[in-house]
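Comments concern the structure below.
Any read-out appearing in this document is the output of simple, stated calculations on the displayed coordinates, not a laboratory observation. On a predicted model such as this, the values are computed, not experimentally measured, just so you know. Using ideal geometry, Cβ is built from the backbone for each residue, glycine included, and neighbour counts are taken over all protein chains shown.
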């Protein structure tokens, strides 16, 4: 529902509750909350609610917030224990149980009951997968911003001007998918020549370009180097225009990161390059 003109935005309190890290509850919860642009949400993450004492403490905190605001809090819950869920539900909050709608159909399909064990969703179940994430993260850090240009072990190499989103995207891919992603920043010299740098040519099939709106790039760079030529809108426009020409000439696929989340950027790159990985 749209807010009437002149009225302050609606504010609501949301708790992300989990018997593990709370990452799943927060990720799914934020995706749902993003659908309500006219509401401001005050969010709180309560991880590792894995016994009745912690559940009681969480319930009390939610009740207290309810009394302070006079509005019913919203709880996005990924706890697997029905008993713990019931304790938190005693707070009077609106309970949004992420797993509940799927448990009964899965039990019926699989012919077995859920274990109800806590701390399973982000447990260290597979050491090899965990080690792959750590190794990929180390790789991304070692090959950040052209520090190491030996890309033989890379799964992909992101190319773009400075501050176009290459580093956070590489780290996200490494941490969540175990993908060895390097990144190469196009320099003024590269952009003047309008030629693919020699060190990148052997890896042409692994290259993917990132671009960004020049105004947004200027804002980001101004925060990093205030008052510098590097941060001027003129310089940003020139770099982006030259980078676009270079990547079109070299047939390098490009994605604009201005209004795109890291999750979406990563998924689109994987799809284009044919990289199939599961989130760990």
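Here are some notes:
- In this structure, residue 130 and residue 99 have a Cβ-Cβ separation that, at R0 = 22 Å, corresponds to a calculated FRET efficiency of about 0.40.
- Gain in span if fully extended, residue 150 to residue 42, counting 0.36 nm per residue against the direct Cα distance: 34.4 nm
- Note on the chain: with a GNM built from Cα contacts shorter than 10 Å, the maximum mean-square fluctuation among 167, 112, 21 falls on 112.
- Calculated FRET efficiency, residue 201 to residue 256, Cβ-Cβ distance, R0 = 22 Å: about 0.35 to the nearest 0.05.
- Across the chain, the fraction of Cα-Cα pairs farther apart than 28 Å, rounded to a whole number, is 53%.
- Largest first and in whole Å, the equivalent-ellipsoid semi-axes of the stretch 127-273 read 25, 17, 14, each the square root of five times a Cα gyration tensor eigenvalue.
- Working from Cα pairs under 8 Å separated by at least six residues, relative contact order for the chain is 14 percent.
- Choice from 197, 47, 101 with maximal GNM fluctuation in the chain (Cα, 10 Å cutoff): 101
- Working note: Cα atoms of the stretch 10-110, range along each principal axis, descending, whole Å: 43, 32, 21.
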